[in-house]
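*Asks:* The structure's right below; bear with me while I get my questions together.
Each value in this text was obtained by applying a stated rule to the coordinates, not by laboratory testing. Keep in mind the model is a prediction, meaning the values are calculated, not measured. Using ideal geometry, Cβ is built from the backbone for each residue, glycine included, and neighbour counts are taken over all protein chains shown.
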Amino acid sequence: MTEPFSHRPRPVRVAVVGTMMAYYAPIIGPAFRDLMAGHVTGTTDRLGPASGFEVTTLGHWAEDADTDGIARALGAEDFDVLLIVPAMCTPPAAIAALARASGLPVVIAGAHELTSVGAEYDMRALCRHSVNVGVSMMGAMLRRTEGVPPILVSGWLDDA
C-alpha cells in the first residue's frame with residue numbers, strides 16, 4: 001500500500017557514534033563520559049526532522065568494551081549514513097572496523113568548542129578540547145580503510 005504523501009522523501013537516517021578515549025578520564029574527571037557525550041549532542045542537536053534528518057545516537061565509544069553494543073545498534077536498523085563525532089583524540093581502529101562493516105557512507109564531524117586559548121588552558125582543557133586530534137586520527141585511518149572514504153565537516157560548535 002502506498003503511504004499518504006509518499007511523494008515526499010523520507011528523512012535521511014543518520015547513525016551517530018561519538019568517540020572519546022577512556023585513558024583520559026582521570027585527567028578530565030568523574031564527569032568524563034557526560035562531558036564528552038555532551039559534546040556529541042551539541043554537535044548533532046541541530047540535526048532533526050525539521051532539517052530532513054532522523055538522528056539516532058548509537059553510543060559513545062571510549063574503550064574496546066563499547067564496541068559490541070555500538071555494532072549491534074548499527075546492525076539493528078537501516079541507516080543511510082554513519083556520522084562519527086570525535087569529542088577528543090580516540091584510537092580509530094575499532095570505529096574504522098565498524099564503519100567498514102556497515103557499508104555506509106561516513107561523515108566525520110569536527111565541531112570545535114574553543115575559539116581562543118587563554119592563560120587558564122591546562123592539561124585538562126587540552127584533553128577536553130582535542131577534537132582536532134580525534135578528527136585527524138579517524139580521518140587518516142578511514143582513508144586507509146578500503147571502501148570507507150570519509151567526508152569531513154569541520155567548524156565551530158556555535159556555527160549555525
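*Asks:* Please work out the Cα center distance from segment 14-48 to segment 49-63, rounded to the nearest Å.
*Replies:* For segment 14-48 versus segment 49-63, the Cα centre distance is 12 Å.
*Asks:* Residue separation times 0.36 nm, minus the C-alpha to C-alpha distance between W156 and Y121: what's the value?
*Replies:* 10.8 nm
*Asks:* Right, something else. Can you compute the FRET efficiency between A140 and E63 using 1/(1 + (r/R0)^6), with r the Cβ-Cβ distance and R0 = 25 Å? Round to the nearest 0.05.
*Replies:* Efficiency for this residue pair is about 0.75.
*Asks:* Okay, next question. Give me the net charge of A99's neighbourhood, meaning all other residues with Cβ under 13 Å from the Cβ of A99; Lys, Arg count +1, Asp, Glu -1.
*Replies:* My count for the surroundings of A99 gives +2.
*Asks:* If we sort 98-104, 86-92 on the protection proxy, mean other Cβ atoms within 10 Å, highest first, what's the order?
*Replies:* Ranked from most to least packed, the peptides come out as 86-92, 98-104.
*Asks:* Where in segment 120-160 does the amide nitrogen come within less than 17 Å of the point 7 Å from the Cα of V107, taken along Cα to Cβ?
*Replies:* 135, 139, 149-160
*Asks:* Work out the length of the dipole vector of the chain about its Cα centre, built from +1 on the beta-carbon of each Lys and Arg and -1 on the beta-carbon of each Asp and Glu, and round it to the nearest 20 debye.
*Replies:* 280
*Asks:* Using per-residue counts of other Cβ atoms within 10 Å, averaged over each peptide, order 55-66, 126-137, 72-83 from highest down.
*Replies:* Those peptides, ordered most packed to least, come out 126-137, 55-66, 72-83.
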